[in-house]
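The values are calculated or read from the model by the stated rules, or taken from the named source; none is laboratory data. Predicted model only: the values in this text are computed from it and were never measured. Glycine gets a Cβ as well: all are built from the backbone with ideal geometry, and neighbour counts include every protein chain shown.
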Amino acid sequence: MKESLKPGIRYVHTFKLPASKMVPALYPEAPEFLVMPEVFATGFLVGFLEWACIKAINPHLDWPAEQSVGTHIDVSHESATPAGLEVTATVELLAVEGRKLTFAVEAHDGVDLISKGRHQRFVIIKEKFNAKLAAKSSSA
């Protein structure tokens, strides 16, 4: 982690929503999802907020040797968003406690506020993380 990784880092990320980010695409194996409305899936919304946080901090890490993984998410999903709209995430790094990072996050679809809340990430050393995963996988 670089010295520049400090609270106050802000990032704004935009993305035009394709049909592949709507609820029916979330789990195509689940017939329940297939018949649901064609709106931005909460699962994809969470991923979009994580993406914005990653982009915010990557310049302040020794990327790609250092990366971050999500460890906690507490966000609302306040408004339905159809495909074709552009969503914007605004994130701010609020706290750095060792390798634990806490962000304020929110998203807007150009018409409505669609999400707000908090997200925590943890900075990892990718090589060590992958070694632990391999050990876990072989013990299962």
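Values computed for the structure shown
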| read-out | value |
| --- | --- |
| Any helices (runs of 4 or more DSSP H) falling wholly within the range 18-89 and containing at least 2 residues that are under 27 Å from Phe122 (Cα atoms) and modelled with pLDDT of 95 or more | 42-57 |
| Residue that is nearest to the chain's Cα centre (by Cα) [pool: residues in the range 83-104 that are over 20 Å from Lys6 (Cβ atoms) and surrounded by 14 or more Cβ atoms within 10 Å (Cβ to Cβ)] | Ala89 |
| The range 104-118 residues that are in a strand (DSSP E or B), paired with ones that are modelled with pLDDT of 95 or more and aromatic (Phe, Trp, Tyr) (beta carbon under 8 Å, 6 or more apart) | Ala107/Phe48; Ile114/Phe40; Arg118/Phe103 |
| Which listed residue, of Val39, Val12, Val35, is out of contact with any His (no Cβ under 9 Å at 6 or more places or on another chain), β-branched (Val, Ile, Thr) and free of Cβ contacts under 8 Å to residues at least 12 places away in the same chain | Val35 |
| Any hit, the range 110-123, residues being under 19 Å from Ile9 (Cα atoms), among the aliphatic types (A, V, I, L, M), crowded, with 16+ Cβ neighbours inside 10 Å and touching a Lys or Arg at 6+ places or on another chain (Cβ under 9 Å) | yes |
